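Shown next, in structure tokens, is the structure this report addresses.
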Amino acid sequence: MKFFTIGLYGSNEQNFFNKLVENNIDTFCDIRQRRGVRGAKYTFANSRRLQERLKDLNINYLHIKELAPTKEIRELQKQDDKRKGIAKRKRNVLGDIFIIEYQNKILKNFDFNDFLNTLRQLGSANVALFCVEQHHLACHRSLVAERLNQIGFKIVHI
């Protein structure tokens, strides 16, 4: 099994879905807390439309809410961005406090064996981890990918 990370911002609908098809993604893991996106530009990534399009492409959809950062953890990142004078969409890396809290409160308690067993049962070969940030290092999906890499899985950022 191979894992990919994909963000939303900076992509248009055609480009986004082309990345999935070009990389033979067969399972799409939405690891957002809220599965809606503001603004007309990204309506294709709102849950219902996204799931319909993935179904048309014969890509399994999983919402893994347990991997989403809590509101409190997101607020810590927001405060860090404000202190540094960085807009959320301009951030290139996560703050240390976010990383520590996410690792301690989310990753530490997540059952990766169960997750991997679910993927194996689906016959997954190429799995995308999805959230909205354009840069993977500015998003919690990079921390999930790092953990998967530590347990022996190849990671590609698309």
Practice task
Just the number, please: carbon plus sulfur as a percent of the accessible area of the range 85-125, 1.4 Å probe, no ligands or DNA/RNA counted.
Solution key: 46 percent
Problem - Cβ-based charge dipole, the chain, positive-most Cα from Ser142, Asn46, Asn109 - result: Asn46
Handout entry: Helix-derived mean residue ellipticity, 222 nm - over the chain, DSSP H n ≥ 4, -39500 (n - 2.57), to 500
Key = -12500 deg cm²/dmol
Problem - Entry for Cα Rg over 2.2 N^0.38 Å (calculated from the structure that is shown) out of (i) 1.28; (ii) 1.00; (iii) 1.04 - result: (ii)
Fill in the blank from the handout: Quick calc, the range 1-131, dipole around Cα centre from Cβ unit charges on Lys, Arg (+) and Asp, Glu (-), nearest 20 debye, gives 660 debye
Handout entry: Residue of Ala45, Ala68, Ala87 that the Gaussian network model of the chain assigns the largest fluctuation, springs spanning Cα pairs under 10 Å
Key = Ala87
Handout entry: Residue-count net charge about Met1 - beta-carbon cut-off 12 Å; Lys, Arg +1, Asp, Glu -1
Key = +2
Practice task
Would you mind getting the accessible area per residue of the chain, heavy atoms of the protein chains only, 1.4 Å probe, in Å²?
Solution key: 55 Å²
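The values are calculated or read from the model by the stated rules, or taken from the named source; none is laboratory data. Since the model is a prediction, treat every value here as computed from it, not as a measurement. Cβ atoms come from the backbone with ideal geometry, glycine included; neighbour counts cover every protein chain shown. Just so you know, the surface numbers come from the protein's heavy atoms only, side chains and all, with ligands and any DNA or RNA stripped out. Shrake-Rupley method; radii C 1.70, N 1.55, O 1.52, S 1.80 Å.
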